[in-house]
Amino acid sequence: MSRSRSVAPLVLGAGGMLGAALVRCFERRFPATVSATRAEADVTDRFRLEAEIERLQPSVVINCAAYTDVDGCEVEPARARRVNVDGAENAALAAAASGCRIVHLSTDFVFDGRARRPYVEADATGPLSEYGRSKLEGEARVAAAAPDHLIVRLAWTYGPGRSNFVDTIRRRARQETALKVVDDQFGSPSYVTDVAEALARLIEIDFSGLVHFANTGVCSRYALAKAILEFMLPPGVARLVPITTEEAGRLAVRPAYSALDTTLYARLVGAAPRPWDEALRDYLSTGERPGRGA
């Protein structure tokens, strides 16, 4: 696989947790990086987006823009489709029209959770929620709109800047004596700093199609919470109480198992992702401010 001589990325959705992590990583690695928040380049505004991409002339567009509130998508399915389906297609069409590559970020929630081993890219999908359905259709729209595309599915992302499971557990562990956490959902926690480094490697490689990325290993939400409490400094005061997904009473249905197999990613870049507990320890030891709203 050949490497590109010049990489000039445009990061859409740069105001979000993942987008901000990409910008921090890419600006060090690719000096020509340009970032755009929703206010600067809204994926739901097709004509303005096309004009911006034509003006900026990036070599690759990375679409981090998404409506990721899983329960919110159940309440606002039209908004979910507007951003995750139509917005994804708009970004792909604009990139194709400008002659550049599109990298679109998707989710493990496109699967039905019935597997008992990490999902590979060729596995059948079967989303259980409006969020998962909108993201899956977004994948299809991107693939149809832009032959030069890379779709990267991610799982259980966390990091500084926005609300996420890790920071929510950290906050609650300092405030509550009994912390209820579901013990029947299994997946692959992924630190956004590692995601950003992975995407930086992938955009230098001449590959089109679908790739999974996550930190390696599988754990339950409960096991992840337990690890967070063990790594916390200073320690929290909460004790963990395992509960079922049904007892949690969330609006959207979550897959019981959505871990991602990263064999293809490792083969493409020549290195496997690091284990999820190592990445988690790094995040918790950085002293980075927890995500807002966490």
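Order the following by accessible area, largest value first: 285, 188. Probe radius 1.4 Å; ligands, DNA and RNA are ignored. Intermediate values should be presented prior to the final figure.
Numbers: 285 90, 188 0 Å².
Sorted descending by solvent-accessible area, the residues read 285, 188.
Proximity of backbone amide H atoms, modeled 1.01 Å from N, is registered between residue 161 and 291, 292 at under 5 Å, excluding neighbours fewer than 5 places apart on the same chain.
Computing the accessible area with a 1.4 Å probe over protein heavy atoms, can you report the carbon and sulfur percentage for the stretch 154-262? Walk me through the numbers on the way to the answer.
On the way: 2260 of 4380 Å².
Carbon and sulfur together cover 52 percent of it.
The calculated P(r) of the stretch 191-272, using every Cα pair and 5 Å bins from 0, goes 3, 11, 17, 16, 15, 15, 11, 8, 3, 1 in percent.
For the chain, calculate the relative contact order in percent as a whole number, restricting contacts to Cα pairs under 8 Å that are 6 or more residues apart. Could you put the intermediate results ahead of the total?
On the way: 637 pairs, mean separation 62.9, N = 294.
After rounding, I find 21 percent.
The residue list 75, 8, 211 was ranked by how far each Cα lies along the charge dipole of the chain toward its positive end, using unit charges on Cβ atoms, and 8 comes out on top.
Taking only Cα atoms of the stretch 90-185, what ratio of Rg to Rh do you get with Rh as the Kirkwood inverse-distance radius?
Values: Rg = 17.3 Å, Rh = 15.9 Å.
So for the stretch 90-185, dividing Rg by the Kirkwood Rh gives 1.09.
The heavy atoms of residue 168 offer some 30 square angstrom of accessible surface to a 1.4 angstrom probe. Once the mean of 1/r is taken over each pair of separate Cα atoms and inverted, the stretch 1-65 shows a Kirkwood hydrodynamic radius of 12.0 Å.
Remark on the stretch 41-160: hydrodynamic radius 14.6 angstrom, per the Kirkwood mean of 1/r across alpha carbon pairs. For the chain, the equivalent ellipsoid built from the Cα gyration tensor has semi-axes of 31, 20, 19 Å, listed from largest to smallest. Debye-formula intensities of the stretch 142-249, expressed as log10 I(q)/I(0) at q = 0.23 Å⁻¹, are -1.25 (one equal scatterer per alpha-carbon, no solvent).
Only Cα pairs under 8 Å and 6+ residues apart enter the sum, and on that basis the relative contact order of the stretch 187-236 stands at 50 percent.
Accessible surface ranking for 108, 69, 1.4 angstrom probe, highest first: 69, 108. Taking Cα atoms only, the orientation of helix 88-98 departs from the longest principal axis of the chain by about 30 degrees.
The values are calculated or read from the model by the stated rules, or taken from the named source; none is laboratory data. What you see is a predicted model, and the numbers here were worked out from it, not measured in a lab. No Cβ is skipped: glycine too gets one built from the backbone with ideal geometry, and neighbour counts run over all protein chains shown. These accessible areas exclude ligands, DNA and RNA; they are computed on the full protein's heavy atoms, side chains included. Shrake-Rupley method; radii C 1.70, N 1.55, O 1.52, S 1.80 Å.
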